Amino acid sequence: MTGRLLNWAGNITYGAARFHRPGSMEQLQELVAGSDAVRALGTRHSFNEIADRPGGDLVSLEDLPGGPELDPARGTVTVGAGVRYGELSRHLHGAGYALHNLGSLPHISVAGACATATHGSGDANGNLATAVSGLELVTADGEVTFLSRDRDGDRFAGAVVALGALGVVTRVVLDVVPAFEMRQHVYENLPWARLEEHFEEITSAGYSVSMFTGWNGPVIDQVWVKRRDGEPGPWEPAARWLDATAAPADRHPLPGLSAVNCTAQLGVPGPWYDRLPHFRLDFTPSSGEELQSEYLFPRRHALAVLRALDGVRDVVSPVLQVSEIRTVAADELWLSPSYRQDVVAVHFTWKKDWPAVRRVLTVIEDLLEPFEARPHWGKLFLMGPERLASRYDRLPDFRRLAADLDPTGKFRNPFVNDRLFADGATSSVSR
């Protein structure tokens, strides 16, 4: 590999010795079988070293054939792992179908997002990986393995959110639903007291709800309510809601920035794929001056966690650009932060100052320790293996699954080893 390969934010320089873009499955299989250490690289939107393989091989799947194959009878679409959600979404909508949810950015790859349990929002919506009903992957010997929800059950549940540690995922089968229209409304300056009094009402006001705050005072700066057309429920948009006011124009989550790159608001109807994300597909994000962290915790702790974070706002706000609060439904995926529990997620978009961010994360993680917080796998966190192991009951099962599919640790890297295999169990990867 010549030159330096960076992640999206520019805070990670990949240390792999070689970078590959195979154009066929045969080329990929030969590469995997002949490599001692290999990792798949998606859209590079992770903020830590989860995708890297220092001294080994990185492989992009963007050149593999993988056009969407819709199966209306089964209610699924099969797509190449390197395909991005925005591209897939437009194809599905044109055929009359949709995915159940999307993340904030439509530019991320399907496989990378699912492998790290990336999510959108909504009390009843699981993370993006919960739509996966089948996985094709190239395992350590270069052979192709297919796992399905119906046939492989618990084993499949361990393989969907796998941090790339089981093999190179090449195709993903996703559940689809009929296409739908949506509208979104933004409310400003929700008083903190109203949040505490009406938390359940706020998060259930729409199909997907996001709250943004700079932790600068006793207020939620913006509440984005995304509703399906015809969605039943008592909430209807009004000029004022819980003492918050309807935004008179489209807003960007960061106060003062132009909303030109954001999806349409003000109740303007539009297709699901152009309302569920916060940012438009035709806006391609460049390398940004930001870092990101996120913690997810059982919903029963929601108000206690938010009060605790508000109590350290003087520590958080000087390093922060914006924070987003969302809800995610429970699932059965072993390494998902929402495994068997409805969760609330607090996301932090930081200024690009790692030493300062690291100091704040130390405070936040100590603060959140009593509340069983789990970090987003693809973002910045400090939690060590003991604390992580205490959060994931199925980690021993995942280690056994990894030993079966990847007995020599070909697909692991220092990040995965340090977080999931720190006691050396079933691992032969040098660290």
Relative packing of peptides 332-344, 107-119, 144-156 - highest average C-beta neighbours within 10 Å first: 107-119, 332-344, 144-156
Reachable aspartates and glutamates, given that their alpha-carbon falls under 12 Å from the alpha-carbon of Lys351 and they are not under 8 places away in the same chain: Glu289, Glu290
For region 205-347 the mean separation of alpha carbon contacts under 8 Å (6+ apart) over residue count, i.e. relative contact order in percent, is 26 percent
Evaluated at 20 °C with a viscosity of 1.002 mPa s, what Stokes-Einstein diffusion coefficient in µm²/s does region 271-388 have when Rh comes from the Kirkwood expression over alpha-carbon pairs? 139 µm²/s
Using mean Cβ contacts within 10 Å as the protection proxy, how do 182-193, 127-138, 57-68, 362-373 order, highest first? 127-138, 182-193, 57-68, 362-373
For region 69-178, what D do you get in µm² per second when you plug the Kirkwood radius from alpha-carbon pairs into Stokes-Einstein at 20 °C and 1.002 mPa s? 153 µm²/s
How high is the relative contact order of the chain, in percent, counting Cα pairs under 8 Å that sit 6 or more residues apart? 17 percent
So how do 379-385, 295-301 stack up, highest first, on mean other-Cβ count within 10 Å? 295-301, 379-385
Need the list of aspartates and glutamates near Lys226 for cross-linking: C-alpha distance under 16 angstrom, and skip anything on the same chain fewer than eight residues off. Asp123, Glu181, Glu188, Glu200, Glu201, Glu236, Asp250, Asp274, Glu324
Setting aside same-chain residues fewer than 8 positions from Lys410, which lysines have a Cα under 24 Å from its Cα? Lys379
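Taken together, the values in this text are just the output of simple stated rules run on the coordinates, not laboratory data. In this text the structure is predicted, and so the values were computed from the model without any measurement. Counting neighbours? That spans all protein chains shown, and the Cβs are built from the backbone with ideal geometry, glycine included.
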